[in-house]
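To start, the structure itself, in structure tokens.
Laboratory data are not the source of any read-out in this text; all were calculated from the coordinates shown. Note that this is a predicted model, so its numbers are computed, not measured. A quick note on method: Cβ atoms are made from the backbone with ideal geometry, for glycine too, and the neighbour counts reach across all protein chains shown.
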DNA sequence: GTGGCGATGTGTATCGTTACAACTCGCTTC
DNA sequence: GAAGCGAGTTGTAACGATACACATCGCCAC
């Protein structure tokens, strides 16, 4: 593989001139530039990124660490983040953590991340207890869990308020026995605990009965988990006439589960999700959900990270909570 | 940021010994190793990947270039590829091409790819005409389009046979006016043209009438495209009682489109997709589709790429076509 | 007691690129 | 005509890790 030296030799100039051409530096005579470009073309030269990165001390790449790459939610968010980063001249590498604490920490600390100038981390396993571990020398923006006091920017979804609104929406539609399908430990601060709190508050404020059988726990938040949760609600005779789901993916599974049992959505039971993934608009019935403004999340995440990379001496960690809106569709009609 | 030299100084050894510890080389006394590890820990040292890559001439990373990261199909395939690559000690970076020829070529030739030891390219825009451009010095496996004669491995899906089977399945279920929803130029060699050929052959062999209005073209292959295609089929009064969709995503959109028009699937019109994405199992109705054995695709892709990386002097480009099976579900019941 | 061997550790050079300072020229300016 | 300037170009020295060859040492065999 050709190097700058080879190109320099072929063009009859010094390696530095080749570098100057490559980086569009001024003070290169057009004729010289042409000769260098021709030599580059002739030799099929391509710059060695590892060498450039080493020399420059930066890679112009940011990492986006997600629990799973196959989830529509993260796929769609990644797509937006890539677009915003691209606008700013950065590339994005998607990193899979696997949704547990160990892997999220390793995504942060592992040597791999040294390939990135900064990291956007979609946290699901980390808790406030891990905040010390985040005191590392890597510009980072956390999406999801709150890390009070940790020296990182944080973008939170409107978890509590959103789920409150979703639950209230079901109540307004006439539901009386409203179940929730959630995942993870509700006592730990997490997506589930916050959304659960919103549900509980809405139920309490509207004087709804909250029987324990209406809270269905699942370890993961997959389509299959949603489906079996619906089965459980039906088979246990809970008489649920509305279901708040912790994510749209779970909600899709729940709707499928009701279909398995011959229940009609929304005629017999209404379902609401959270995230407004693209698929929610196309399911049958289409899914009522909470839209937490992904575009805003992506824009903010990239913006905050770039600000951090700028190395402003007065930088302070910021905490953002995005807005949301209830998108009413057929599943709660 | 600490370097090997700093660690060496702190541990009272030479940089080389630090390197030896880092790389688990033999002939390091346990006591020395301990001291080095302690120094690494104390200083929070982490290896500089750029330097290591430069020195080693390899990155242990393979690129996976996909048209779009938000598609369930590619997300699910990526997940499998990551798993297989991980088994072999490789990392995967997902690269978005944007589904056009320009970007796919740039994914191959751009300097960025020098960050990867090899590339798995999901091609949709490239055609055989581009084969010369693939004669570059980068180990590569192409998924999708065939590149006859190009010096790259190629994994093809059973496009023609799969769609033939899908169409035949509809015929066996009693459909008589079978439409196809496809994308791109059917005259160019592409996923669409091959799948279209399978549809056409099945229709011909079974003596089915193939009215032009039954072939619906869409430029992209999105949910929205599927939906409007269904609208068109209904609104134009084609009387279609079965629809072959070029992908599951399109099929989901088509089912939604029929729901918009009050048509019931499968009672009034049957729908079949292609890919067997996870969502196909959970839609209502669940989607009959062609399962092209993703696990096999992922396994093969990584295996072929690693074989290529091994630099065997007798390496020859290989062409694989994976198997498939018809997964009958509710949408054609 | 000497040669030799295996275990352990170290200096040097290098991967390919680029920042920086310095150097050459032709030309203007007084 | 000397000083000065700026466009154009180049040499040198890193960035940080590691392959390789070599040095050192303790200990065993004969």
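Taken residue by residue and averaged, Cβ atoms of other chains lying within 10 Å of the Cβ of B:249-257 number 2.
Within the range B:241-315, the ratio Rg/Rh, alpha carbon atoms throughout and Rh by Kirkwood, equals 1.28.
Counting from the shortest, the label point at residue B:23, 7 Å from Cα toward Cβ, is 2.9 nm from the same position in each remaining copy. Shape summary of the range A:202-255, radius of gyration then Dmax from alpha carbon positions: 11.3, 32 Å. Of the beta bridges in chain A, as assigned by DSSP with both residues counted there, near 10 percent are antiparallel. Averaged over peptide B:4-11, the number of partner chain Cβ atoms lying within 10 Å of each residue's Cβ comes to 0.
In units of the compact-protein estimate 2.2 N^0.38 Å, the range A:195-333 shows a Cα radius of gyration of 1.26. Applying 1/(1 + (r/R0)^6) with R0 = 22 Å to the Cβ-Cβ distance of residue A:215 and residue B:330 gives a FRET efficiency near 0.15.
Summary of the geometry: the range A:1-69 and the range A:189-251, compared by the centres of their Cα atoms, lie 56 Å apart. When you count the other C-beta atoms within 10 angstrom of each residue and take the mean per peptide, A:318-326, A:46-54 line up highest first as A:46-54, A:318-326.
Between B:78, B:230, B:88, the Gaussian network model of chain B with springs among Cα atoms under 10 angstrom shows the greatest mean-square fluctuation at B:88. Pairs of C-alpha atoms in chain A farther apart than 36 Å represent 34 percent of all such pairs. With all projection directions averaged, the alpha carbon convex hull of the range A:167-277 covers 6.1 nm². Rounded to the nearest 5, the antiparallel percentage of DSSP beta bridges internal to the protein assembly as shown is 10%.
In the assembly of identical copies, residue A:211 has its label point, taken 7 Å from Cα in the direction of the beta carbon, separated from the corresponding points by 5.4 nm (ascending, one decimal). Seen against the Cα atoms of chain B and their longest principal axis, helix B:191-205 is set at about 30 degrees. Comparing B:307, B:229, B:85 in a Gaussian network model of chain B, where Cα atoms under 10 Å apart are tied by springs, the biggest mean-square fluctuation is seen for B:307. Start at zero, step by 5 Å, and the Cα-Cα distances of the range B:11-69 spread as 4, 15, 22, 19, 13, 11, 5, 4, 4, 2, 0 percent across the bins. Hydrodynamic analysis of the protein assembly as shown uses the Kirkwood radius over alpha carbon pairs. Inserted into Stokes-Einstein at 25 °C and 0.890 mPa s, it gives a translational diffusion coefficient of 90 µm²/s. Using the rule -39500 (n - 2.57) for each DSSP H run of four or more residues, divided by the residues of chain A, the 222 nm mean residue ellipticity is -12500 deg cm²/dmol. Per-peptide packing, taken as the mean over residues of other Cβ atoms within 10 Å, places A:165-174, A:284-293, B:205-214 in the sequence A:284-293, A:165-174, B:205-214 from highest down. A simple spin-label model places the labels of residue B:268 and residue A:56 5.8 nm from each other, with each point 7 Å out along Cα-to-Cβ. Placing a label point 7 Å from Cα along the Cα-to-Cβ direction at residue A:311 gives distances to the equivalent points in the other copies of 3.7 nm, listed shortest first.
Counting only other chain Cβ atoms within 10 Å of each residue's Cβ, the peptide A:46-57 averages 6. Protection proxy ranking of A:28-39, B:193-204, by the mean of other Cβ atoms within 10 Å over each peptide's residues and highest first, is B:193-204, A:28-39.
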